[in-house]
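The values are calculated or read from the model by the stated rules, or taken from the named source; none is laboratory data. Predicted, not measured: the structure shown is a model, and the values here were computed from it. Here Cβ is always computed from backbone atoms with ideal geometry, including for glycine, and neighbour counts include all displayed protein chains. In case anyone asks, the SASA skips ligands and DNA or RNA and just uses the protein heavy atoms, side chains included. Shrake-Rupley method; radii C 1.70, N 1.55, O 1.52, S 1.80 Å.
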Amino acid sequence: MALAPTAVGTRRRRSGALAPAMLLVPTGIVLLAIIGWPLVQLIIISFQEYGRAQVFGRPPEWVGLQNYIDVLGDSFFWAVLGRSILFAAVNVVLTMLLGTLVALLMMRLHKFFRLLVSVGLLLAWAMPALTAVVVWGWMFDTQYGVINYVLSQVPGVDLIGHSWLIEPLSFFGVATMIITWQSVPFVAFTVYAGLTQVPDEVLEAAQLDGAGAVNRFRLIVFPYLKSIFVVITILQIIWDLRVFTQIYALQGIGGIREQTSTIGVYIFQTSLGTGDFGTGGAIAVILVIIMMTISIYYVKKSIQEETL
Amino acid sequence: MSPARVRRRLWSVIWSAIAVVVFLCSVFPVYWMVNTSLLPNNLIRGPVPHFWPDELTFRNYELVLFGDTRAPFLPALGNSLAVTLLTVMIALLFAFLAALAVTRFRFRGRKAFILTILVIQMIPGEAMIVSTFRVLDGWQLLNTIAGLTLVYVATVLPFTIWTLRGFVNGVPIELEEAAMIDGCTRTQAFWRVTFPLLAPGLVATGVFAFIQAWNEFLLALVVMSRPEMMTLPVWLRTFQQATQTTNWAAIMAGSTLMAIPVIIFFLIVQGRMTSGLVAGAVKG
């Protein structure tokens, strides 16, 4: 792209395909060994009876589509999948909404307050996911949690000793708080970066024509930022659908596994927990297919927009 | 003051007030972590929480760092540092070479390679965990620094190549050509002219890889199952479960120790990283 066409032609003809191939060898080897090979293995196991005995050396038995039939016929799988999708949907909507609102707020702030908000968001964003869960778990602690204490200061409320994690619904409420808290910054910063690109003149003209704030956003800002919104929404969907660390760690602090597992945790439990690698593999392949279906749009879009 | 100005003033006060609320909401958990870590353990188990460390103590940090716990901190720190630093160095080197290949050369399979990089980013790690475990097991790489490093390099490579590509694209090749006219060889021109201009990009990408590797939990949990091979995230969880009655103050001290380097790095390079993220995701 940066090269003049003639320079490209001569130099590239001279160096041939050898130089780029050499430069790609290290990356190629690592990706083939650590992504490609396990992916092939994953697909193979998903068609096999592969349990603890096979881990200790008994040759696995081919079972064709049996694992898939088992998984798809298991109502528990559908419950987990439905729960994951619902959970992801709530989180994506909340994160996008709050993130966009914070970005719009940042546009209206004076320098000092904008810096204040940025620093706050950065701190939330930079927290390791596991640390965040542990800290929030402590804030929601049944006996000594600051949240129970503060809420109990409200007249008529007594929450000391209340366990937030035991009920599935409030368990997911806490999980949603943690995840939204950590992902709003990414959305806010990205949308804010996009907002600063919207030309002021257009907005001013619209304002003079009598367009209110909502209409200005709907008719000018949103179309302008559409591609950014599409990309971050899809990233959020993928991240929230495959959420693992937060749910797994929160279960460790005090949630009931059967009622709160999401699909990532379910794969982990089926495979490494119960040792049924065949079924775990089948669920994993199904999840990969779901992810791919969602992201096809993103990939297509990237290809269209790129000269690559 | 004219009514319009009064109204604008009023709104600016309202926006600032909302800004303070947003700030408090985002900062409070971080503050609460540090606050708890500085309080004596018996104080945090009282009926009323202490909202600031009025009886400041570093005992929790002492306990975490040198105390006789079932899950010692320092070996985990050592493992985390080793894996993370190796990952950053190897990933940066490999990604840098790959980024050069796809930006400075046109060859067959180039588009396919970039497409693969994009698609790999979407494969969920949770789905691959079983097969990754089995493959590493087959190569005798479970519970080794090398094994986990290899996995992390593969995990961060797609994104690092993707971002570095943007940075390399940003350096016009004419600069190199000018240096070559002035008598440099191709290699000299590259190292003297282009490489220094890429340094900020390499730093930003390196920090990203650092944060990824430092925070990663699931793969570390599965690959490093032997207690002496734990990394910090695994340590944090084990530490929490190892003690009979949870020592929250110590856990908060451990959490703080784990989060500090990430927060520092983040504050240094966040601007560049956000623009890199936007460029990588949107413009390429």
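Just need a number here: residues in segment B:126-158 that are under 24 Å from the mean Cα position of the chain (by Cα), open to solvent by 30 Å² or more (accessible area, probe 1.4 Å) and under 23 Å from A:Ala284 (Cβ atoms). Counting residues in segment B:126-158 that are under 24 Å from the mean Cα position of the chain (by Cα), open to solvent by 30 Å² or more (accessible area, probe 1.4 Å) and under 23 Å from A:Ala284 (Cβ atoms) gives 5.
B:Gly166 meets the conditions (1) in contact (Cβ under 8 Å) with a residue 24 or more places away in the chain; (2) within 30 Å of A:Gly264 (Cα to Cα); (3) within 12 Å of another protein chain (Cβ to nearest Cβ) in every case but one. The failed one is (2).
Taking the condition of a type outside the set (Asp, Glu), farther than 20 Å from A:Trp138 by Cα and crowded, with 21+ Cβ neighbours inside 10 Å, does A:Ser227 pass? No. Restricting A:Ile267, A:Ile228 to residues that are in contact with a helix residue (DSSP H, G or I) (Cβ under 8 Å, 6 or more places away or on another chain) and under 23 Å from B:Met224 (Cβ atoms) narrows the list to A:Ile267.
Would you point out the residue of segment A:75-97, among those that are among the small types (Gly, Ala, Ser) and open to solvent by less than 20 Å² (accessible area, probe 1.4 Å), that is nearest to B:Ile18 (Cα to Cα)?
This residue is A:Ala88.
A:Thr100 fulfils the conditions (1) closer than 28 Å to A:Val285 by Cα; (2) of a type in the set (Ser, Thr, Tyr); (3) open to solvent by less than 80 Å² (accessible area, probe 1.4 Å) except for a single criterion, (1). Going by what's in this entry, would B:Trp214 be described as more than 27 Å from B:Asn41 (Cα to Cα), buried (at least 24 other Cβ atoms within 10 Å of the Cβ), of a type in the set (Phe, Trp, Tyr) and at pLDDT 85 or above? Taking the combined requirement at face value, the residue satisfies it.
Assessment of segment B:17-38 against the conditions (outside any helix (DSSP H, G or I) and of a type outside the set (A, V, I, L, M)) yields no matching residue.
Cβ-Cβ distances below 7 Å connect the following pairs, each with a first residue in segment B:13-35 that is at the interface with chain A (Cβ under 8 Å from one of its Cβ atoms), a second residue that is open to solvent by 60 Å² or more (accessible area, probe 1.4 Å), and a separation of six or more residues or different chains: B:Trp15/A:Arg108. Can you spot a residue in segment B:90-105 that is modelled with pLDDT of 90 or more, buried (at least 16 other Cβ atoms within 10 Å of the Cβ) and either in contact with a Cys (Cβ under 7 Å, 6 or more places away or on another chain) or of a type in the set (Ser, Thr, Tyr) (or both)? No, segment B:90-105 contains no residue that is modelled with pLDDT of 90 or more, buried (at least 16 other Cβ atoms within 10 Å of the Cβ) and either in contact with a Cys (Cβ under 7 Å, 6 or more places away or on another chain) or of a type in the set (Ser, Thr, Tyr) (or both). Being assigned to a helix (DSSP H, G or I), free of Cβ contacts under 8 Å to residues at least 24 places away in the same chain and either more than 8 Å from chain B (Cβ to nearest Cβ) or among the hydrophobic types (A, V, I, L, M, F, W, C) (or both) is a property that A:Ile283 lacks.
Residues checked against (1) of a type outside the set (A, V, I, L, M, F, W, C); (2) within 8 Å of another protein chain (Cβ to nearest Cβ); (3) not in a helix (DSSP H, G or I):
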residue: A:Val133; (1), (2), (3): no, no, no
residue: A:Trp138; (1), (2), (3): no, yes, no
residue: A:Tyr149; (1), (2), (3): yes, yes, no
residue: A:Pro155; (1), (2), (3): yes, no, yes
residue: A:Leu159; (1), (2), (3): no, no, yes
residue: A:Ser163; (1), (2), (3): yes, no, yes
residue: A:Leu169; (1), (2), (3): no, no, no
residue: A:Thr176; (1), (2), (3): yes, no, no
residue: A:Gln182; (1), (2), (3): yes, no, no
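The set of residues from segment B:180-207 being in a helix (DSSP H, G or I), among the small types (Gly, Ala, Ser) and either touching a residue at least 60 places away in the same chain (Cβ under 8 Å) or loosely packed, with under 15 Cβ neighbours inside 10 Å (or both) comprises B:Ala199, B:Gly201, B:Ala204, B:Gly206.
Just so you know, in segment B:96-109 the residues that are more than 7 Å from chain A (Cβ to nearest Cβ) and part of a helix (DSSP H, G or I) include one that is nearest to the chain's Cα centre (by Cα), and it is B:Phe96. Reported count of residues in segment B:32-51, each being exposed (fewer than 15 other Cβ atoms within 10 Å of the Cβ) and at pLDDT 90 or above, is 1. The condition of being more than 7 Å from chain B (Cβ to nearest Cβ) and open to solvent by less than 10 Å² (accessible area, probe 1.4 Å) holds for A:Val265.
Filter segment A:184-200 for residues that are more than 11 Å from A:Gly99 (Cα to Cα) and among the aliphatic types (A, V, I, L, M); which is farthest from the other protein chains (Cβ to nearest Cβ)?
Filtering segment A:184-200 for residues more than 11 Å from A:Gly99 (Cα to Cα) gives A:193-200.
Those still in the list that are among the aliphatic types (A, V, I, L, M) too: A:193, A:195, A:198.
On the way: A:Ala193: 5, A:Leu195: 12, A:Val198: 14 Å.
Checking each candidate, the answer is A:Val198.
Selection over segment B:211-235 of residues that are in a helix (DSSP H, G or I) and more than 18 Å from the chain's Cα centre (by Cα) gives a count of 5.
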